[in-house]
Amino acid sequence: MSDQPRRPRKPGKPYRRPQKDPVRILAFEALRAVGERDAYANLVLPPLLRRAREGGDFDARDAALATELVYGTLRRQGTYDAIVAACVDRPLREVDPPVLDVLGLGAHQLLGTRIPTHAAVSASVELARVVLGDGRAKFVNAVLRKVAQHDLDGWLERVAPPYDEDPEDHLAVVHSHPRWIVSALWDSLGGGRDGIEELLRADNERPEVTLVARPGRATTEELLGEEAALPGRWSPYAVRLSEGGEPGAIPAVADGRAGVQDEGSQLVALAVANAPLDGPDRRWLDGCAGPGGKAALLAALAAERGAALLASEKQPHRAGLVAKALAGNPGPYQVVVADGTRPPWRPGSFDRVLVDVPCTGLGALRRRPEARWRRRPDDLDGFAPLQRELLRGALEAVRVGGVVGYATCSPHLAETRAVVADLLKQFPDTELLDARPLLPGVPQLGEGPDVQLWPHLHGTDAMYLALIRRTG
């Protein structure tokens, strides 16, 4: 043992252990899963919340705050990144991602909630001490104190370029969307500042939970007996949960007689089911059935008419989800693992076909806000060949006089009208049907014959639908 005298401690405050805040730690863990593993918050957050409740750490208010912190931070990530960038002395790419997550959570508390400034800063610094260490907590403290010097409007005046100089970049920063997505959505809307701003705002709002009462198995009257339940706006099978809640706790949902399904998806399935046919109406096909929401509604509607649904899904694990969704359907159905571009069925086998193709998912940014930061313009090139081959397979699968519904959860013109136009050229013995009368009561459906739904106009995901009939 050394006989050197011990170095005296420097005078100052005694060390204090960081205070663990279960709500903010959980929110940080969810953001890290999204950032590190490309997970989706709507899949990661529920099990985290469930474990927290089971551990006795959380009540309903804690869960609501954690949910708001995660989704609010993800939705506003682009705006908060621009503000944080103005408060640090290095490019954001040189700041460690976990530090950025803590800064994003802090910025959201300061600029997007009613949490008092002192509480927002101190809670974020304590979180940083727990998950990052004291050294980086000092950096977080310094940055957030700068962020706290202005409110959100004040910061937007400083970091967003003027609209007149660069409209797309202005909207991208103010409404927290990548510039290329702003441009694509604007093109799909057909121009005008008011419409694009309303759409971008709607993308940043928390969507309602919407249920579907599967015909023959549940009724809307049953679901409307639940607390804070309201009728759907457009679908006769829809019920909205105005205060969120846990759908899995509803008996009809727990046993599969009802499900969680956006009203736009319900409208697409209903339009395909009700499109006018020439000839028999016995065999229906859902060519991209996973995870099973539309297939379950189609199967129930088919059962009411004595028709049978074949639900096809290429991925085995997704086919399993389809089978679970259809279990208990009152009429005949079958679930198969098959590739719609190389199908096992004979051409002309079906009277009705729905093909809801894989896409960029730009129509569901309310539900999956992180998707806007993952997608790139070149993703469109990856989806384009598959979308065309799946629509080709659907048109070959339907008989003469039958109808194909082409659907996407993206309003991008490259995934909607461009695909349909290309295939109509290759299949001259086809015609577009006017889909608008098949969505009765739904306003502002445009000039047709196809339909584009919008969050800001219809309260749905931005679903697209074209109905095509084989004429020869």
Those residues of segment 127-185 which are surrounded by 14 or more Cβ atoms within 10 Å (Cβ to Cβ), more than 30 Å from the chain's Cα centre (by Cα) and of a type in the set (S, T, N, Q), in sequence order: Asn141
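Looking at segment 193-228 only, could you name the residues that are acidic (Asp, Glu) and either open to solvent by 10 Å² or more (accessible area, probe 1.4 Å) or part of a loop (DSSP other than H, G, I, E, B) (or both)?
If the condition is that a residue be acidic (Asp, Glu) and either open to solvent by 10 Å² or more (accessible area, probe 1.4 Å) or part of a loop (DSSP other than H, G, I, E, B) (or both), then Asp194, Glu197, Glu198, Glu205, Glu208, Glu221, Glu222, Glu226, Glu227 are the ones that fit.
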Residues of segment 52-77 that turn out to be open to solvent by 20 Å² or more (accessible area, probe 1.4 Å) and either out of contact with any Leu (no Cβ under 9 Å at 6 or more places or on another chain) or within 21 Å of Ala371 (Cβ to Cβ) (or both), as a count: 14
Residue satisfying condition, being among the β-branched types (Val, Ile, Thr) and either surrounded by fewer than 23 Cβ atoms within 10 Å (Cβ to Cβ) or touching a residue at least 40 places away in the same chain (Cβ under 8 Å) (or both), within set Val253, Val239: Val253
Residues (more than 16 Å from Glu246 (Cβ to Cβ), open to solvent by 50 Å² or more (accessible area, probe 1.4 Å) and in contact (Cβ under 8 Å) with a residue 24 or more places away in the chain) located in segment 36-51: Glu36, Asp38, Tyr40
Output for segment 431-441, where each listed residue is surrounded by fewer than 18 Cβ atoms within 10 Å (Cβ to Cβ) and touching a helix residue (DSSP H, G or I) at 6+ places or on another chain (Cβ under 8 Å): Leu432
First in segment 442-460 and touching a residue at least 12 places away in the same chain (Cβ under 8 Å) and open to solvent by less than 30 Å² (accessible area, probe 1.4 Å), second anywhere and in a loop (DSSP other than H, G, I, E, B) and β-branched (Val, Ile, Thr), Cβ under 6 Å, 6 or more apart: Leu453/Thr460
Within segment 355-393, considering residues that are small (Gly, Ala, Ser) and farther than 22 Å from Asp262 by Cβ, the one most open to solvent (accessible area, probe 1.4 Å): Gly382
Qualifying residue in segment 364-385 (condition: at pLDDT below 95 and either under 30 Å from Glu304 (Cβ atoms) or in contact with a strand residue (DSSP E or B) (Cβ under 7 Å, 6 or more places away or on another chain) (or both)): yes
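Give me a count of the residues in segment 78-90 that are at pLDDT 95 or above and either open to solvent by 30 Å² or more (accessible area, probe 1.4 Å) or outside any loop (DSSP other than H, G, I, E, B) (or both).
9
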Hits in segment 281-300 (condition: among the hydrophobic types (A, V, I, L, M, F, W, C) and open to solvent by 10 Å² or more (accessible area, probe 1.4 Å)): Cys288
Selection count where residues are among the charged types (D, E, K, R) and in a helix (DSSP H, G or I), scope segment 143-186: 8
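Conditions (1) touching a Gly at 6+ places or on another chain (Cβ under 7 Å); (2) under 18 Å from Leu391 (Cα atoms), marked per residue:
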{"residue": "Leu433", "(1), (2)": "no, yes"}
{"residue": "Pro440", "(1), (2)": "no, no"}
{"residue": "Pro443", "(1), (2)": "no, no"}
{"residue": "Met463", "(1), (2)": "yes, yes"}
Every pair of residues 6+ apart whose Cβ atoms lie under 9 Å, when the first sits in segment 140-160 and is closer than 22 Å to Leu127 by Cα and touching a residue at least 12 places away in the same chain (Cβ under 8 Å) while the second is of a type in the set (A, V, I, L, M) and open to solvent by 40 Å² or more (accessible area, probe 1.4 Å): Lys146/Ala86; Val147/Ala86
Inter-residue pairs, beta-carbon under 6 Å, first more than 15 Å from Val322 (Cα to Cα) and in segment 291-311, second part of a helix (DSSP H, G or I) and modelled with pLDDT of 95 or more, 6+ apart: Leu301/Ala273
Top-ranked residue in segment 429-441 [being assigned to a loop (DSSP other than H, G, I, E, B) and in contact (Cβ under 8 Å) with a residue 40 or more places away in the chain; ranked as nearest to Glu415 (Cα to Cα)]: Ala435
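The values are calculated or read from the model by the stated rules, or taken from the named source; none is laboratory data. Since this is a predicted model, take the numbers as computed values, not measurements. A quick note on method: Cβ atoms are made from the backbone with ideal geometry, for glycine too, and the neighbour counts reach across all protein chains shown. These area figures cover heavy atoms from the full protein model, side chains too; ligands, DNA and RNA do not enter into them. Shrake-Rupley method; radii C 1.70, N 1.55, O 1.52, S 1.80 Å.
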